[in-house]
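Okay, structure first, notes after.
Read-outs throughout are calculated quantities, based only on the coordinates presented, and are distinct from any laboratory measurement. Every value quoted in this text rests on a predicted model; they were computed, and no experiment measured them. Here the Cβ positions follow ideal geometry from the backbone for every residue, glycine too, while neighbour counts run over all protein chains shown.
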Amino acid sequence: MQVTCKIRRYNPTVDEKPYFSVYRAEVEPTDRVLDVLNTIKWYEDGTLTYRRSCAHGVCGSDAMRINGRNRLACKVLVRDVGNRMTIEPMMGFKVLRDLVVDMEPFFEKYKAVKPYLINDEPAPVTERLQSPEDRAKYDDTTKCILCAACTTSCPPFWSNPDFVGPAALVNAHRFIFDSRDQRGADRAAIISDRDGVWRCRTVFNCTDACPRGIQVTNAMEEVKRKLLYDRA
Amino acid sequence: MYRGREGMWSWIFHRVSGVGVLLFLFIHIVDTALIGWGPDVYNAVTTIYHEWAIFRFLQFTLIAAVLYHSFNGVRIIVIDFWPKGFQYQRLMFYGAMGLTVLALIPTGVLLLGPIFGIAER
C-alpha cells in the first residue's frame with residue numbers, strides 16, 4: 001500500500017524554524033512506522049534524522065509523536081495508523097534535528113531519584129529474600145525502558161520543564177516500594193519537592209503513551225498516597 | 001498539538017472552568033462592595049444580572065463551570081484516594097459530564113427560559 005507521511009523537519013544549523021516535508025512510500029500494511037521512516041531515509045531522503053536501535057520495542061530509542069500521540073515507531077503497524085500519517089518529535093525537549101530531541105535533561109531527572117537499590121546492611125551469603133507479595137508491589141514499574149514517551153506527553157511537564165516527570169517517578173516507585181531498599185526517605189525528599197510528584201494533575205496522557213503498558217498515573221498516585229500516609 | 005483522550009479533556013475543562021469561576025469571583029467582589037454606596041447603586045448594578053439576556057447566558061455558563069468543576073473535583077479525589085480509582089477515570093469523566101448536563105436542564109429553564117418566553121422571570 002502507498003502511504004503519505006508528513007514529517008516535521010528541523011535542522012538548527014540551516015533552518016530558521018521547523019517545517020513539514022511530505023513523502024510517499026510503498027510499504028506493507030503489516031510494516032511498522034519505523035519501516036516507513038527507513039524506506040524514506042534509505043531510498044528517498046538520506047537527510048531525514050531519527051533515533052532507532054533495537055527496532056523491537058525494547059531499547060526505547062524511537063519514541064515520537066505519531067498522529068499526535070507519543071508512540072514507539074517500531075511498535076505501531078501501518079495498518080493501525082492508516083495511509084496518512086503525521087510524525088513529529090516528542091514535545092518539551094529541545095529538538096536537535098528532525099525527530100531527535102535532547103534527552104540529557106530527561107536522564108538527569110532519572111538519576112536524581114537514585115534509581116538503584118540502596119541497602120547498607122552487609123550482603124547475606126545468598127540473596128536478599130523477598131516474598132512474592134512484596135515483589136508484586138512494584139512489578140508494573142520494573143517494565144520501564146526510559147523512552148520518555150510518558151514525560152513528553154505530560155502537560156504539567158510542557159509548562160514546567162523542572163517537573164521531575166512521570167518516567168523518573170515510575171523509576172522512583174520501583175525502588176520506594178521495594179522491601180529490600182532502605183533509602184525511601186532520600187527519594188521521598190526529592191519527589192515531595194515543589195517540582196516533584198505533586199505536579200501531577202492526573203491527565204492520564206502518560207498511561208496512554210506508555211509502550212510497555214505501565215499504569216504510569218497509578219504509580220504516581222501510589223507514590224502520592226505513600227508520601228501522605230507516611231507523614232500522617 | 002497533542003491528541004489527548006478523556007483524561008486530557010477533563011483536565012483542560014477543569015482548568016478553564018476553574019479560571020472562569022475565579023474571574024467571576026472578582027466581578028462578584030466588586031458588585032457586592034457596591035452596597036457601600038447604598039442600596040440604589042447596588043440594585044441598579046445587580047439588576048443587570050437579571051435584565052440583560054447576555055448576563056443570563058453568562059450566569060448559565062458560570063453555573064455550568066461550577067457544576068463541572070465540582071463533579072470533576074470529586075472524580076479527582078476518588079482517583080487520588082481510592083486505589084482502584086484510576087481504572088474508572090474515563091467512566092467517571094463521562095459521569096461528571098452527564099451530571100453536569102443533567103443539572104443544567106433546570107438551570108437552563110429558570111435562567112434562559114424568560115429570554116425565550118418559556119418561564120416566568
Give me a comma-separated list of calculated 3J(HN,Hα) values for segment A:165-172, in order, Karplus coefficients 6.51, -1.76, 1.60 applied at θ = phi - 60°, integers in Hz, x for any Gly or Pro.
x, x, 4, 5, 6, 4, 6, 5
Backbone HN-Hα couplings from phi across segment B:48-58 [Karplus 6.51/-1.76/1.60, Hz, Gly and Pro as x]
3, 4, 8, 8, 7, 4, 4, 6, 5, 5, 5
For A:Y19, placing the label point 7 angstrom along Cα-to-beta-carbon and taking segment A:41-58, residues whose amide nitrogen sits under 17 Å are A:45-49
Which of rounded, prolate or oblate describes the protein assembly as shown when judged by the alpha-carbon gyration tensor and an a/c cut-off of 1.5?
oblate
Roughly speaking, what is the stretch gain from A:E26 to A:S192, that is 0.36 nm per residue apart minus the C-alpha to C-alpha distance, in nm to one decimal?
54.7 nm
Tell me the mean residue ellipticity at 222 nm calculated for chain A from its helices only (DSSP H runs of n ≥ 4, each -39500 (n - 2.57), averaged over every residue, nearest 500).
-9000 deg cm²/dmol
Extension gain (nm, one decimal) between A:W42 and A:Q130, 0.36 nm per residue minus Cα-Cα:
26.7 nm
Chain A: Cys lacking any partner C-beta under 4.7 angstrom:
A:C5, A:C74, A:C144, A:C147, A:C154, A:C200, A:C210
Using Cα centres only, tell me the gap between segment B:56-82 and segment A:53-74 in whole Å.
36
Given DSSP loops and a limit of at most 10 other Cβ atoms within 10 Å, what is the longest stretch of chain A that contains no such GluC sites (Glu not before Pro)?
A:17-126
Given a Förster distance of 51 Å, the FRET efficiency implied by the Cβ-Cβ spacing of B:Y42 and B:F81, rounded to the nearest 0.05, works out to 0.75
Long-range amide H partners of A:S179 with built H, under 5 Å:
none
Quote the FRET efficiency, to the nearest 0.05, computed for B:I12 versus B:W52 with a Förster distance R0 of 35 Å and r equal to the Cβ-Cβ distance.
0.75
About the Cα centre of segment A:2-101, how large is the charge dipole given +1 on each Lys and Arg Cβ and -1 on each Asp and Glu Cβ? Please answer in debye to the nearest 20.
340
When the Karplus curve 6.51 cos²θ - 1.76 cosθ + 1.60 is applied with θ = phi - 60°, which whole-Hz ³J(HN,Hα) does each residue of segment A:83-90 get, with x for Gly and Pro?
8, 10, 9, 10, 10, 9, x, 5
